[in-house]
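Worksheet for the structure shown next.
Any read-out appearing in this document is the output of simple, stated calculations on the displayed coordinates, not a laboratory observation. What you see is a predicted model, and the numbers here were worked out from it, not measured in a lab. When we count neighbours, we look across all protein chains shown, and the Cβ atoms used for this are built from the backbone with ideal geometry, even at glycine.
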Amino acid sequence: MALFGKPQYSTVTVKKKDIPKDLWTKCPKTGEIIYNRVLKENLMVVPSSGYHFPLKARDRIASMLDEGTFEEMDMGVHSLDPLEFNATSSYPEKLKQNQDKTKETDTVISGMGTMGGMPVSIAVMDFRFMAASLGSAAGEKITRAIERGVEKKCPVIIVSASGGARMQEGILSLMQLAKTSAALAKLSEAGLPYFSILTNPTMAGVMASYASLGDVIIAEPEALIGFAGPRVIKETTQQDLPAGFQTSEFLLEHGLVDLIIPRGEMRDRMINLIKALYGSKKSA
Amino acid sequence: MEDVTYTLEFEKPLRELEKQLITLNQVSKESKVDVTSEIEAIEAKIDKTKMEIYSNLTPWQRVQLSRHPKRPYSLDYIDMIFTDFEELHGDRRFREDAAIVGGPAFLNGESVMVLGQQKGRNTRENLKRNFGCPHPEGYRKAMRLMEMAEKFGMPVVTFVDTPGAYPGIGAEERHVAEAIAVNIRDMSALKVPIVTIVIGEGGSGGALGMAVADEVMILENGYYSVISPEGCAAILWKDRAAAPQAADALKFSPEYLAKFGVVDRVIDEPMGGAHRDYAVAAQNLKTAIVDSLAKLQKKSTEKLLEDRYQRFRNLGEYADSAAMEA
């Protein structure tokens, strides 16, 4: 299967320890070494190979909305520890570590802005924060973002990335699937479009709720998208997984994903889609 | 010779007593020796031990009861609670999935749509039922039947009993996540009353795909969790053997579920678990379902849907510092 093309061999051999950590990055697809500034300017996509690195939620929002229009909301919503969860480390400790690492309070950044002049309610998941696992706070922010769409009569965009529901909040995390999906039923009832953008990786509980419910479901190239993790499937079924299993391309072929859009084209093509599905209503 | 019925590890003291009882019964049958007083003494001891063991079950022990191979399954309850069940099959798209059963039946003479996740009792049955792990088709069939119920104004009763949706290649190719998501969304807006009872295992998204209801109940030894205790142990403890610790940490037993508002009522089981007395378990379940539906059917459709929305809308615990400042 030629999904990932032939690896291109770098002519320079650089030992890992010789690379200053914050200056260069190695492309996992081709092994090519890229200057970090180039990568950042290209929205964390390797120019030659098209490999998409994770993008911070705030950078994502900046890359999509009209410049300077983002108004962040629900910044005060943050996680508690309803289960007083204690496994190998306590949940509050884990939250603190991730807050220090990412400088964000939790995994969802949300608010209002415009795209091509049209209002949108947007929520973006940041994979760096506890693998963007969905807990009560994230579920609440997503739900409010959807409800804002209903209230302000505008499209809703959710950019997902997630390892699934957040174990540390137990059953309450699972209930976020119901809460968010029920809000989407209301948005749908109101005749407003919902765009679900899937990025690498979007799995499990998030996939079994809002991520799968877009009027339009868009994936970034080569993202891992699915319900059960590939390792679990392999262990359960004792079968070899098909080539490219659970990638964006696989899901396009199997009819779940409407289209695959590379990050660099996302804003323009999203504006086009919003115009098509919503633009005519805006002036009404 | 009679078989021992206390087969779980923590039931060992009972198993020992039961064995003694079986031997004594054998003796009294085969010889003329009067062992009545010995038998009575052991029976009394069994009762006392039962009380001690079953009134102090750990979460992990209850998980074992919820998975007990003799536990009543959906079709057992359907048979005992409803009359004239007609099973309807297939999702009209791909195939029939026997891990979920459903169809119209009568509850005290009133027509209802009843659905359940169905485990198998032996290897042959489990090949058919896939150990109660549904494929996407099962969820799509369930939604088809729920929409039928809506069309004909029938209330919906769903029994949840699954370790989880099946993690397989075909399930992914046919988008099990999407099937579950659609059920969750569309159940939230279904215009007839829905009652869900977790009768055994409530395994994550696979359970929730049939559990967005006006009233969610659980049997005393059921559990309802975001992840199986083994799965949680494998991820957080890097060892599936830590499942008992994970079962504690996940706080998924009925008392916690009720505290969090995830379930609305906990239904009593016979001492030692539902499998020790099917009739009593079914009667308790039936009483709860009838009571719940009677209440729900008094509501207007509008109120029913608004209450259902708010029921799930309010689930979750978080802080909102902006709201506190405001």
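Listing for the model above:
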{"item": "B:Asp264 long-range amide H proximity, modeled H, under 5 Å", "result": "B:Val216, B:Met217"}
{"item": "Shielding score for A:225-235, defined as the mean number of other chain Cβ atoms within 10 Å", "result": "5"}
{"item": "Footprinting exposure proxy for A:Leu174, B:Leu88 (fewest neighbouring C-beta atoms within 10 Å first)", "result": "B:Leu88, A:Leu174"}
{"item": "Cleavage-rule hits (GluC sites (Glu not before Pro)) in the stretch B:2-45: DSSP loop, at most 12 neighbouring Cβ within 10 angstrom", "result": "B:Glu2"}
{"item": "Assigned charges on the beta-carbon of Lys, Arg, Asp, Glu; chain A dipole about Cα centre (debye)", "result": "500"}
{"item": "Estimated FRET transfer efficiency (B:Glu110, B:Leu8; beta-carbon r; R0 60 Å; 0.05)", "result": "0.95"}
{"item": "Global form of the stretch B:134-263, assessed from the alpha-carbon gyration tensor, a/c cut-off 1.5", "result": "oblate"}
{"item": "Part-to-part distance (alpha-carbon centres) for the stretch A:38-107 and the stretch B:258-326, which is given in Å", "result": "35"}
{"item": "Share, in percent, of DSSP beta bridges within chain B that are antiparallel, nearest 5", "result": "30"}
{"item": "Fully extended contour minus Cα-Cα distance, from B:Thr23 to B:Ser321, at 0.36 nm per residue", "result": "100.6 nm"}
{"item": "Pairs beyond 28 Å (Cα-Cα), from A:Lys26/A:Lys141; B:Lys141/B:Lys191; A:Lys101/A:Lys275; A:Lys26/A:Lys179; A:Lys179/B:Lys298", "result": "A:Lys26/A:Lys141; A:Lys101/A:Lys275; A:Lys26/A:Lys179"}
{"item": "Ranking of A:Ser89, B:Ser188 by count of other Cβ atoms within 10 Å, fewest first", "result": "A:Ser89, B:Ser188"}
{"item": "Cut-off 14 Å, label 7 Å out along Cα→Cβ of B:Ser55, residues of the stretch B:215-230 by amide N", "result": "none"}
{"item": "Global geometry of the stretch B:63-313, whether rounded, prolate or oblate, following the gyration tensor of its Cα atoms and the 1.5 cut on a/c", "result": "rounded"}
{"item": "DSSP beta bridge pairing in the stretch B:49-183, given as percent antiparallel to the nearest 5", "result": "70"}
{"item": "Residue order, fewest to most beta carbons within 10 Å, for B:Asp84, A:Asp258", "result": "B:Asp84, A:Asp258"}
{"item": "Top of B:Val195, B:Val263, B:Val280 by mean-square fluctuation, Gaussian network on chain B, Cα under 10 Å", "result": "B:Val280"}
{"item": "Eligible lysines near B:Lys29 by straight Cα distance, threshold 29 Å, same-chain separation 8 or greater", "result": "B:Lys12, B:Lys19, B:Lys45, B:Lys48, B:Lys50, B:Lys70"}
{"item": "Modelled label reach - A:Thr69, point 7 Å along Cα→Cβ, the stretch A:98-122 residues with backbone N closer than 17 Å", "result": "A:110-122"}
{"item": "For chain A, built as a Gaussian network whose Cα springs stay under 10 Å, the top-fluctuating residue of A:Ala87, A:Ala145, A:Ala228", "result": "A:Ala87"}
{"item": "Kyte-Doolittle mean at least -1.0, axial Cα span of 18 Å or more - DSSP H helices of chain A", "result": "A:136-152, A:170-189"}
{"item": "Value of relative contact order over the stretch B:63-313, rounded to a whole percent, pairs C-alpha under 8 Å and six or more apart", "result": "17"}
{"item": "Using a Förster distance of 51 Å, the FRET efficiency for A:Arg37-B:Phe131 (Cβ separation, nearest 0.05)", "result": "0.45"}
{"item": "Rounded if a/c under 1.5, otherwise prolate or oblate - the stretch B:245-323, Cα gyration tensor axes", "result": "oblate"}
{"item": "Binned Cα-Cα distance frequencies in chain A - 10 Å width, integer %", "result": "6, 27, 34, 24, 8, 1, 0"}
{"item": "Within chain A, percent of DSSP bridges classed antiparallel, to nearest 5", "result": "45"}
{"item": "Relative contact order [Cα under 8 Å, 6+ residues apart], chain A, whole percent", "result": "13"}
